[in-house]
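Accompanying notes for the structure given below.
The values are calculated or read from the model by the stated rules, or taken from the named source; none is laboratory data. Keep in mind that what you see is a predicted model, and the values were worked out from it rather than measured. We place every Cβ from the backbone using ideal geometry, glycine too, and count neighbours over all the protein chains shown. The area values use the complete protein model at the heavy-atom level, side chains included, leaving out ligands, DNA and RNA. Shrake-Rupley method; radii C 1.70, N 1.55, O 1.52, S 1.80 Å.
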Amino acid sequence: MKLEADTHCHTVASGHAYSTILENAKAAKERGLKLIAITDHGPSLPGGPHIYHFGNLKVLPRVIEGVIILRGVEANILDCDGRLDLPERYLKELDIVLAGFHTFCYPGGTVEENTRAIINAIKNPCVDIIVHPGNPEFSIDIEKFVEAAKDYDVAIEINNSSFTVSRRGSEENCLQIAKKAREVGARIAIGSDAHICFDVGNFEKALKIVEVAGIKEENILNVSYLRLIDYLKDKGRDFSFIKKYQEY
């Protein structure tokens, strides 16, 4: 399976990532990607960028090295109400919003509490993708989670980094999530979660989970960069600029 977009990439702005936007774009070009999303961590994560960082993403060129650049965030879920660590007025100005649990930002709780938190985040109309929901540190009711994602048309991420350097022990949870997503027809996004440019476009482990779960290409957002853009447009994002760059 060939993917045209990477929906989850970090830069030095995240504080614990090690490449620039330009380095990520060059790596994406080398790997044949047409689009990457720059999704640095929200400001609640230690070392993360100040809120002004997200307000100023408008300075980013729409295309770098022939690769379309989405201006985004990996927002942190803060509590059982599903609150995120960026105000709505900032979220609405971004091209793509990821949301997920992170240590030091969400205190963790029972399966019921974690499930309530993640479903409340899903209900936020600004949220497009829930990231690494298979993290064993924050156990959830998988069935309720996937059904809510389907009902609110929020994509579920299969995160490649969860099978390499992060969130050890995620495999079984992610496989169960993927199988349930296939069953109900929920949307899937496959993200590298690259924290260095060498991992941009690295989907190898995540694709194996998708294959084992039997998820079809038509349910995967980033098989086509235009499919991803159409999804984000349907959720209210402005992509009028894209016509200028169709040759890419």
Quiz item: To the nearest 10 square angstrom, how much accessible area does Y152 have with a 1.4 angstrom probe?
Solution: 110 Å²
Quiz item: Quick one: which of 169-176, 131-138 comes out on top by average Cβ neighbours within 10 Å, and what's the full order, highest first?
Solution: 131-138, 169-176
Quiz prompt | Coarse-grained scattering of the stretch 160-248 at q = 0.11, 0.13, 0.15, 0.26 Å⁻¹, given as base-10 log I(q)/I(0) from a Debye sum over alpha-carbon atoms | solution = -0.38, -0.52, -0.67, -1.26
Quiz item: For the pair E65 and D238, what calculated FRET efficiency results from E = 1/(1 + (r/R0)^6), where r is the Cβ-Cβ distance and R0 = 22 Å, to the nearest 0.05?
Solution: 0.40
Quiz item: What full-extension length gain, to one decimal in nm, is calculated for V165 and D153 as 0.36 nm per residue of separation minus the Cα-Cα distance?
Solution: 1.4 nm
Self-check item: Accessible solvent surface per residue of the stretch 30-111, calculated while the other protein chains remain in place, 1.4 angstrom probe, Å²
Solution: 41 Å²
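Using only alpha carbon pairs under 8 Å that are at least six residues apart, calculate the relative contact order of the chain and give it in whole percent.
RCO, the chain: 21 percent.
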Quiz item: Computed over the Cα atoms, what is the radius of gyration of the chain divided by 2.2 N^0.38 Å, N being its residue count?
Solution: 0.91
Exercise. Compute the semi-axes of the equivalent ellipsoid of the stretch 1-48, taking the square root of 5 times each eigenvalue of the Cα gyration tensor, and list them largest first in whole Å.
Key: 23, 11, 6
Practice problem: Take peptides 36-45, 86-95 and line them up by average Cβ neighbours within 10 Å, highest first, as a rough protection proxy. | Solution: 36-45, 86-95
Practice problem: Quote the accessible area belonging to D81 in square angstrom, nearest 10, computed with a 1.4 Å probe and with ligands, DNA and RNA left uncounted. | Solution: 110 Å²
Quiz item: Within the accessible area of the stretch 82-237, what % is carbon and sulfur when the probe is 1.4 Å and the other protein chains stay in place?
Solution: 46 percent
Quiz item: Using helices alone, what [θ] at 222 nm do you get for the chain, with -39,500 (n - 2.57) per DSSP H run of 4 or more residues, divided over all residues and rounded to the nearest 500?
Solution: -8500 deg cm²/dmol
